[in-house]
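Below you'll find the structure, written out as structure tokens, and then a few comments.
The values are calculated or read from the model by the stated rules, or taken from the named source; none is laboratory data. Keep in mind the model is a prediction, meaning the values are calculated, not measured. For neighbour counting, all protein chains shown are included, and Cβ atoms are generated from backbone atoms with ideal geometry for every residue, glycine included.
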Amino acid sequence: MKMEYNYPKLILERCKELKHIEGQVLEAVLINVVEPEYNVLYLKFTNGWFQVSGEIGSEFISISKIDEDPIIGATSNSSWVGEYEPYNIFINKKVISARHIGEAWNGHGFEISFENMPNQTLLVQSIYTGTEPKDFGDCIRLGIGQYSYEAKKI
């Protein structure tokens, strides 16, 4: 059941750091897993570490700058922080655009574009995207956008 929140205001407040990653170089990517879900994405840029996580049961995504480096390794019996290898293709690349996609309760998240990578983007979204896996109510979705913009003659 949807609760009544001022989602546009909350998203503006909790995503104001998004603009601070534009022009920065991605240096590292870590993920916090709470078995079996992706819970927090950590992105290290030249201007520091940022965490991306779900808000209000992952109805939308937030981004915030953090002061301390995430600690790699097990955090409990069912939780750990480690590398997220699919995103290694973006390491040492400069962010040229970071923008919102979707909306609360409908796949809110971010798409990050990198210099000299017109065919791929880093995607992170809330779990609520119209359909969501059963029993996955408090996590994030990670993806890589694969784009085509050139038609080939058949």
In segment 102-118, the residues that are farther than 17 Å from F50 by Cβ, touching a strand residue (DSSP E or B) at 6+ places or on another chain (Cβ under 7 Å) and modelled with pLDDT of 95 or more: E115
Every residue from segment 55-107 that is among the charged types (D, E, K, R) and assigned to a loop (DSSP other than H, G, I, E, B): E59, D67, E68, D69, K93
Any chance N92 is modelled with pLDDT of 95 or more, on the phi > 0 side of the Ramachandran plot, exposed (fewer than 14 other Cβ atoms within 10 Å of the Cβ) and not acidic (D, E): yes
Residue match in segment 74-86 (condition: exposed (fewer than 12 other Cβ atoms within 10 Å of the Cβ), in contact with a Pro (Cβ under 8 Å, 6 or more places away or on another chain) and either modelled with pLDDT under 90 or small (G, A, S) (or both)): no
Contacts under 8 angstrom Cβ, first residue in segment 140-154 being closer than 15 Å to P118 by Cα and among the acidic types (D, E), partner modelled with pLDDT of 85 or more and surrounded by 10 or more Cβ atoms within 10 Å (Cβ to Cβ), 6 or more apart: none
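Between I31, I11, which is in contact with a Phe, Trp or Tyr (Cβ under 9 Å, 6 or more places away or on another chain), assigned to a helix (DSSP H, G or I) and either crowded, with 17+ Cβ neighbours inside 10 Å or of a type in the set (F, W, Y) (or both)?
The conditions single out I11.
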Selection within segment 11-49 - of a type in the set (V, I, T) and in contact with a helix residue (DSSP H, G or I) (Cβ under 6 Å, 6 or more places away or on another chain): V29
Some residue of segment 108-118 being of a type in the set (S, T, N, Q) and under 16 Å from the mean Cα position of the chain (by Cα): yes
